[in-house]
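What follows is a set of notes on a single structure, which appears directly below.
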């Protein structure tokens, strides 16, 4: 399913444009704590792309907002299709390395993706454990009928999506985006029509 894919600069430019659109939508809202205005407060990340997405490392700025009212100043980081929560590797690599590790032995997957075997195994446990308990997974399984095979996640999701491998990964990243932040409530509303 993942045959000779390399996620280049264009792929991450498109994801960055989606993140910018999400940020613009979130910036029009008020602080959820005090109702104050939100101002841009980006911060730097050190994303890893492994062997398949070295271009991701150029897109290190995590878009964020913070309250402009003195005394509050709380952060409001909107969902992202580039970063999967606090993971060091970009979201696309988390998906692809997990798929490759299912198809091949994890030690061979390391040579293919550049992601350590231990990390890939941890991601595979996440796909089968904490991920299936999230509202995002519940919503996803409602969209994908018949139900996805849990033991082959994320492959069983990607196989149901149409288009090229990059388009499938991008769509799955859009579905996973609400999991990327805890500071914005109901982040899925910010994603409608963008991915």
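The values are calculated or read from the model by the stated rules, or taken from the named source; none is laboratory data. Note that the structure is a prediction, hence the values are computed from the model and not measured. Neighbour counts run over all protein chains shown; Cβ positions are idealised from the backbone, glycine included.
Applying the set (1) touching a helix residue (DSSP H, G or I) at 6+ places or on another chain (Cβ under 7 Å); (2) more than 30 Å from residue 38 (Cβ to Cβ); (3) modelled with pLDDT under 95; (4) surrounded by 13 or more Cβ atoms within 10 Å (Cβ to Cβ) to residue 151 leaves exactly one unmet item: (4). The residue that is nearest to residue 122 (Cα to Cα), counting only those in segment 48-94 that are in contact with a helix residue (DSSP H, G or I) (Cβ under 9 Å, 6 or more places away or on another chain) and assigned to a strand (DSSP E or B), is 89. Summed over segment 159-171, residues that are surrounded by fewer than 21 Cβ atoms within 10 Å (Cβ to Cβ), touching a residue at least 60 places away in the same chain (Cβ under 8 Å) and either touching a strand residue (DSSP E or B) at 6+ places or on another chain (Cβ under 7 Å) or part of a helix (DSSP H, G or I) (or both) total 2. Just one of the numbered conditions (1) within 12 Å of the chain's Cα centre (by Cα); (2) in a loop (DSSP other than H, G, I, E, B) is not true of residue 6: (1).
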